[in-house]
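Below: the structure, in structure tokens.
The values are calculated or read from the model by the stated rules, or taken from the named source; none is laboratory data. What you are looking at is a predicted structure, and each value in this text was computed from that prediction instead of being measured. So basically every Cβ, Gly included, is an ideal-geometry build from the backbone, and we count neighbours across all protein chains shown. SASA here: full protein model, heavy atoms, side chains in, ligands and nucleic acids out. Shrake-Rupley method; radii C 1.70, N 1.55, O 1.52, S 1.80 Å.
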Amino acid sequence: MPSAPSAPRARFPRHTLVPAVFSLALGLWGVRRDGSIWRDEVVTYDMARRSLPDLWAALGNADAVHGLYYLFMHALFRVCEGADPLLVLRLPSVLATAVAAAGLALLGHRLAGTRAGLLAGLAFAVLPPVQRYAQEGRSYALVCALVVWATYLLVRAADRRTAGAWAAYGTVLLLACLLHEFAVLAVPAHLSALQRPARRPALRVALVVCAGLAPLAALSTRQSDQVSWIGGPGAGALLGFAATTALALACALPLRHGPLPRLALPLTVLPALTLLLLTPLKPLYVDRYVLYGQAGAALLIGAALDRLGRTRALVMGVALLALLPVTLQVRTPDSRTDDAAAVTRAMASVRADGVLYLPSRRRVWSLADPGSVRRLRDLALARGPAASGTLYGTEVTAAVLRARMLATERIVAVSDPVGEPLDPTPLERIKRRILADCFAPGRVQEVRGARVTEYVRAPAQARPQPGRTAVCTVCTASTNRSARRCTLAASSGSSSRSRVSRSSASNCSPNTSRSRPSDAAMYARARSVVGAGRSSMKLRVPVCRSSAAAISAVQSSTSATESGSPARIRANHSSSSASSRACRPGRPIPMSRGRKRAGSPPSISARVPPRASRAANAAIPARWSPRWCRLRLAQSRSTG
């Protein structure tokens with residue numbers, strides 16, 4: 001790519017230091033953000049402070065795309081041991097942004113002149129995304145700086161056409177891709193800007209870069225769960241991309257005959273557009289992944305400002321005033337998704353014996369300051385992050401978790417704010433269920449991006465709580481274990497799955513003085529319940545799921561006898577452990593409110609299908625069978 005005719009050929013003009021110093025000053029201003037740190041930075045901090053064997057083992061399981069950056073930060077923390085960790089964490093990004101601003105000034109100087117390069121470097125330093133990631137302990141600012149300098153080396157190699165120039169371009173670009181593999185999206189933008197004589201050697205260099213990146217890409221593909229949190233681009237992301245593209249196009253129109261827009265416009269648009277077009281296959285678009293696109297926009301802004309003449313100072317002053325609120329806001333804790341330091345402070349202030357993270361990946365908040373929460377036992381933790389070679393550690397089984405929670409008097413639950421989607425995994429559901437059934441919520445602390453709730457173990461006489469639980473009429477004489485299994489309601493009294501009235505539930509309490517009745521006794525009680533409610537097709541009694549199936553079976557047997565077709569009794573004792581778990585008492589069934597009869601205590605109405613809808617030849621086993629219960633329950637649902 002030929003340079004502009006008026007561009008001087010100084011190797012490193014002194015004016016390029018002005019944007020670098022300006023960017024450095026902006027980056028150091030408020031770099032600690034009042035001591036706050038958000039969860040992505042906590043991951044960097046935790047990974048960088050692990051030993052090399054632990055770090056290497058973790059990269060084999062997760063976050064290999066940032067592996068080179070973690071190794072670099074590991075070395076930096078070893079060198080700067082004893083320094084302020086927040087400064088050590090963020091200083092590389094501050095310096096990288098300053099280096100990128102200097103590179104843009106040099107690139108603009110080569111393509112459009114000295115003043116255009118100077119303005120491009122200054123514009124880059126004040127762009128809001130650049131200001132944000134200049135003060136963040138992640139790799140994006142370093143990748144941006146390397147892509148900027150790779151672009152400069154590309155222009156120089158296209159001018160000189162020597163093997164050494166092309167090798168320098170390929171080396172810097174490969175280093176950028178190894179820091180974050182999405183830097184490879186700059187290659188199409190580079191190739192589209194070259195003229196035909198320089199395109200062939202550039203293509204060879206691009207193939208070598210892709211070959212060097214292939215092992216990392218293959219490893220990160222096996223870790224695709226790391227980006228499963230990325231959804232489709234929201235309105236804000238699309239608006240930001242559209243605004244950046246519109247600004248770049250507006251600045252490129254008066255420059256369409258120069259070499260600068262042929263390079264800067266594709267660099268601004270193509271990487272982000274590629275990720276957006278891949279969204280139907282797999283959502284991957286996050287603006288920070290292609291932060292280097294801001295460098296192309298800055299080049300266009302600098303060249304356009306150079307053409308304004310006398311109005312240049314006025315436009316720059318208005319732009320700086322407009323960006324002042326954003327400049328102040330990105331240096332506050334509220335500018336990030338959450339604040340792990342505030343979360344650990346809230347956890348340290350509670351009176352609790354154990355801690356529960358909902359979901360488990362929120363354990364990362366405690367890694368910012370592990371000493372402050374060391375007195376709290378992590379109830380779900382099986383192996384820590386470093387020991388397990390993962391980012392967030394591994395968790396125990398459901399049975400162990402239940403035992404630990406029920407043996408703890410006070411639990412502090414650390415979760416996402418209200419309104420965030422709940423994690424649907426089975427273990428997370430069990431956490432929420434046990435907290436709702438066996439614990440009473442206490443003080444709630446809302447901090448930036450998190451919710452810290454204290455839970456106290458509810459006394460035995462307080463369970464079941466009004467509006468939440470009731471005891472099955474059929475198997476009411478049961479032990480504590482059976483009483484829990486016979487719980488009717490869901491985790492919340494307002495849940496759509498549970499329609500247990502507060503008045504009715506308050507009259508039901510588990511009978512813990514006797515053991516669970518035998519199968520024959522349960523069957524006999526089901527027959528008596530059906531006989532008592534024969535005049536009405538709604539049984540006004542609380543029943544659990546298995547008992548509802550028993551009542552339906554008795555109804556079916558009665559219907560078969562009355563219709564003249566004798567019910568066939570067939571014993572079925574074969575059932576797998578899975579079916580036994582699926583049919584055990586305690587699985588909640590949909591309940592409906594019944595009308596209260598005059599003079600009768602409040603009760604829960606369980607809908608039982610009409611007898612006429614039962615098959616006359618239904619097979620009724622003589623003994624209780626989990627498989628039998630499940631079949632009856634399915635039939636009850638289909639006809640009820």
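Across the stretch 253-262, which residue is most open to solvent (accessible area, probe 1.4 Å) among those that are part of a helix (DSSP H, G or I) and in contact (Cβ under 8 Å) with a residue 60 or more places away in the chain?
To start, the set of residues in the stretch 253-262 that are part of a helix (DSSP H, G or I) comprises 253-255, 259-262.
Pick out the ones that are also in contact (Cβ under 8 Å) with a residue 60 or more places away in the chain and you get 255, 259-260, 262.
On the way: Leu255: 12, Pro259: 23, Leu260: 8, Arg262: 97 Å².
My answer is Arg262.
Of all residues in the stretch 282-338, those satisfying the criterion of being of a type in the set (S, T, N, Q) and in a helix (DSSP H, G or I) are Gln294, Thr311, Thr327, Gln329, Ser335.
Quick check: is even one residue across the stretch 152-171 within 16 Å of Ala298 (Cα to Cα) and in contact with a Leu (Cβ under 7 Å, 6 or more places away or on another chain)?
Keep residues of the stretch 152-171 that are within 16 Å of Ala298 (Cα to Cα), which gives 152.
Applying the additional criterion that residues be in contact with a Leu (Cβ under 7 Å, 6 or more places away or on another chain) yields 152.
Yes, the stretch 152-171 contains a residue that is within 16 Å of Ala298 (Cα to Cα) and in contact with a Leu (Cβ under 7 Å, 6 or more places away or on another chain).
Run down Ser349, Ser360 and say which single residue is open to solvent by 60 Å² or more (accessible area, probe 1.4 Å) and of a type outside the set (Lys, Arg). Steps first, answer last, please.
Numbers: Ser360 fails: open to solvent by 60 Å² or more (accessible area, probe 1.4 Å).
Answer to the check: Ser349.
Here is the figure for the stretch 22-45: residues that are assigned to a helix (DSSP H, G or I), open to solvent by 10 Å² or more (accessible area, probe 1.4 Å) and over 23 Å from Ala176 (Cα atoms) total 7. In a residue-by-residue description of the stretch 72-83, the property of being open to solvent by 10 Å² or more (accessible area, probe 1.4 Å) and within 16 Å of Tyr140 (Cα to Cα) applies to at least one position. Could you tell me whether any residue of the stretch 208-220 is open to solvent by 40 Å² or more (accessible area, probe 1.4 Å), within 28 Å of Ala303 (Cα to Cα) and in a helix (DSSP H, G or I)? No, because not a single residue in the stretch 208-220 is open to solvent by 40 Å² or more (accessible area, probe 1.4 Å), within 28 Å of Ala303 (Cα to Cα) and in a helix (DSSP H, G or I).
Scanning the stretch 80-91 for any residue that is at pLDDT 95 or above, part of a helix (DSSP H, G or I), of a type in the set (Lys, Arg) and within 26 Å of the chain's Cα centre (by Cα) turns up at least one such residue. All told, Ala250 falls short of being open to solvent by less than 50 Å² (accessible area, probe 1.4 Å) and of a type outside the set (Lys, Arg).
Residues of the stretch 225-241 that are open to solvent by less than 50 Å² (accessible area, probe 1.4 Å) and assigned to a helix (DSSP H, G or I): Val227, Ala237, Gly240, Phe241. Do the conditions hold for Leu314, that is, is it modelled with pLDDT under 90 and crowded, with 20+ Cβ neighbours inside 10 Å? No; evaluated as a whole, the condition is false for this residue.
For the structure I just gave you, tell me whether Val318 is within 26 Å of Ala264 (Cα to Cα) and under 21 Å from the mean Cα position of the chain (by Cα). So Val318 fails the test. Selection of the stretch 409-440 for residues being loosely packed, with under 14 Cβ neighbours inside 10 Å, within 21 Å of Ala342 (Cα to Cα) and modelled with pLDDT of 90 or more yields only Pro417.
Assess whether Ala120 counts as being over 16 Å from Asp40 (Cα atoms) and of a type in the set (A, V, I, L, M). Write out each step before concluding.
Details: over 16 Å from Asp40 (Cα atoms): yes; of a type in the set (A, V, I, L, M): yes.
Judged against the criteria, Ala120 is a match.
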